[in-house]
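Just so you know, all these numbers are worked out from the coordinates, no wet-lab data involved. Keep in mind it's a predicted model, so treat the numbers as computed, not measured. Every residue, glycine as well, gets a Cβ built from its backbone with ideal geometry; the counts of neighbours run over all protein chains shown.
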Amino acid sequence: MPTARATNRQFANLARLSNYAPASTNPFDRLVDADSTLSAKNVNYGASLVANWDIGPATVTAITGWRKWDWQPSNDRDFTSLPITPQVNNPSQQEQWSQELRLTSNGDNRIDYVAGLFYFRQKIDTQGIQVQGPAASLWTLGPVNGADPALLDGLRSDNDIRYKNDSAAFYAKLTWHVSDRISIAPGIRVNYDKKDGSYLATVSGGLANPTPAQQALKNSVLQNQNYRAEFSDWNLSGDVTLSWKASDDVLAYATYARSFKSGGINLSGLPTRADGVTPATELASVAPEKVNHYEIGVKSQFLDRRATINVAAFRSDIADYQATVVNGAIGVVRGYLANVPKVRSQGLELDVSLRPVDSFDAYVNLAYTDAEYVSFPGAPPPIELSGGALQFVDASGGRLPGVSRYAISYGAEYRIPSGIIADDGEFYIGVDGTLRSDFSSSPTPSTVQNIEGYVLTNVRAGYRTDRGWEVFGWLRNAFDTEYFDFLTAAPGSTGLIVGQPGDPRTYGVTVKARF
């Protein structure tokens, strides 16, 4: 699609000059068009220990957790079989530990309570690499500045990224049963976060002995960068819920919560200052999100508790919302995490479940969500406006990415008790699915990066026993619906939009056993 780039730097012209045509322009042909190895190796380890001590009026719980993660990816960043950016890989090794100590009241009391301490430590090491190929000059710099393929051929950035995160918290929650029908439940959490990191990019390769002008062009694609970043902050959050039991089967409630999302640091490179070299370290840290959340609702059961109806209305006002922005005014075009002044999300939710007979149950969940940027004056331009002189747009009033205005999930299962294969077993058949309306797939609302709504249906049938054995066949996306998980603009503002198609119809058999 056309962008604000000069016509000779649009995808169609660059493809013509490269004698290139995509393997297919229909993404649901599912043809791979790449000139480097694609792989994703992910190895996870983990262990946890839970201990409980009953001390009479309360129970002490200790939870210790440890996880380790080794990620070894290989990507073709230009999404084509052309040697533009054949490698952008970020292998990472993560290790994390957590410890929680919790005290919970036992029995039924006028005042119930839970209080605890939590500590979390995380360490991530990443060894990034980006390599440009012989087609990079033309596609990245255009037919004029990129006339010499040797300028960027072999240009390479090796990145060493180190990150440490320590987080500690004290929390407490009380539930005061004012009467048999009314309760008030206030809660509080004090949190401390400290994050430290470093980013080192070492660039090599490309045209040897370049002129100052040629070096400036190389720097506009990849450049050396070295900086440290840190973030530390205390946060106080809390909530209070008022509950009223109108009857044994009807509960009404109202909740207010003041919460936050921890701030952080950018460790993927930063835009530069006016000299085109010095990293703008004032952009290295990101402030915490601050959320005011309001909710009212009713939870109810009918027909001898064979029917459940829950309804809720909510609103969240978020200040300093964390979102990805792009800065390309000086030097390398960089995407980084920054704060949006104000965001709002509000809506309604309805949950209904039915069990008219013991052998059949069904449910449906409906959600209406209105989520928008209330104030986002410095948003990156959408793809159709990118590549020109315009560096920022005002996205205030635009909808948030990834949020459908309407969403429905549903399911049903029918069971037939049987002792043919084993005692206390049952055959069953079930169906479940989701429906969602269209949603934006761009940080800034775009006319071309909206994903159409779709419906997915899954079917399963099998046999299970009370002893823990189960075998079933399953069919996912039964009607082979064509849909996207996301759409994104390829680098360079050439107008190329790529996406991740959702899974096609798949089927299989699963055998499960619990001991």
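A few notes on this one:
- Sorted by Cβ density within 10 Å, fewest first, the residues Leu152, Leu390: Leu390, Leu152
- In this calculation the C-beta distance from Trp69 to Leu31 is compared with R0 = 30 Å, giving a FRET efficiency of 0.45.
- Using just its DSSP H runs of length 4 or more, each adding -39500 (n - 2.57), the chain gives a mean residue ellipticity at 222 nm of -1000 deg cm²/dmol after division by all residues.
- Test item: Cα-centred dipole of the chain, Lys/Arg +1 and Asp/Glu -1 on Cβ, debye: 660
- Exposure proxy ranking, count of Cβ atoms within 10 Å, fewest first, for Lys41, Lys342: Lys41, Lys342
- Centre separation in Å (Cα based) which lies between region 63-117 and region 393-415: 25
- Cβ-placed point charges (K, R +1; D, E -1), dipole of region 34-272 about Cα centre in debye, nearest 20: 400
- Modelled label positions at Ile408 and Asp424, each set 7 Å beyond Cα in the direction of Cβ, lie 3.8 nm from each other.
- Orientation-averaged projected area, Cα convex hull of region 78-212 (nm²): 14.5
- Prolate/oblate/rounded call for region 86-145, Cα gyration tensor, a/c under 1.5 rounded: prolate
- Amide N of region 107-143 lying under 19 Å from the label point, which is placed 7 angstrom from the Cα of Leu17 along Cα→Cβ: 132-143
- Projecting the Cα atoms of Ser262, Ala252, Gln215 onto the charge dipole of region 205-306 (Cβ charges, centred on the Cα centre) puts Gln215 farthest toward the positive pole.
- Relative contact order (%) - the chain, alpha-carbon pairs under 8 angstrom, separation at least six: 9
- Lys/Arg +1, Asp/Glu -1 at C-beta; region 34-272 dipole; positive extreme among Ser48, Leu117, Tyr227: Leu117
- Alpha-carbon Debye profile of region 232-333, log10 I(q)/I(0) at 0.12, 0.24 Å⁻¹: -0.63, -1.18
- Going from the residue with the fewest nearby Cβ atoms within 10 Å to the one with the most, Trp474, Trp53 rank Trp53, Trp474.
- The residue among Val471, Gly297, Gly197 whose Cα reaches farthest toward the positive pole of the charge dipole of the chain, with charges on the beta-carbon of Lys, Arg, Asp and Glu, is Gly197.
- Summarising the label geometry, the points placed 7 Å from Cα in the beta-carbon direction at Arg514 and Leu390 lie 5.5 nm from one another.
- Inter-probe distance in nm under a simple model that places probes 7 Å from Cα toward Cβ, at Arg415 and Gln93: 4.7
- The radius of gyration of the Cα set in the chain, together with its Dmax, comes out at 27.5, 83 angstrom.
- Each principal axis of the Cα cloud of region 354-474 was taken in turn, and the coordinate range along them, longest first, works out to 73, 27, 21 Å.
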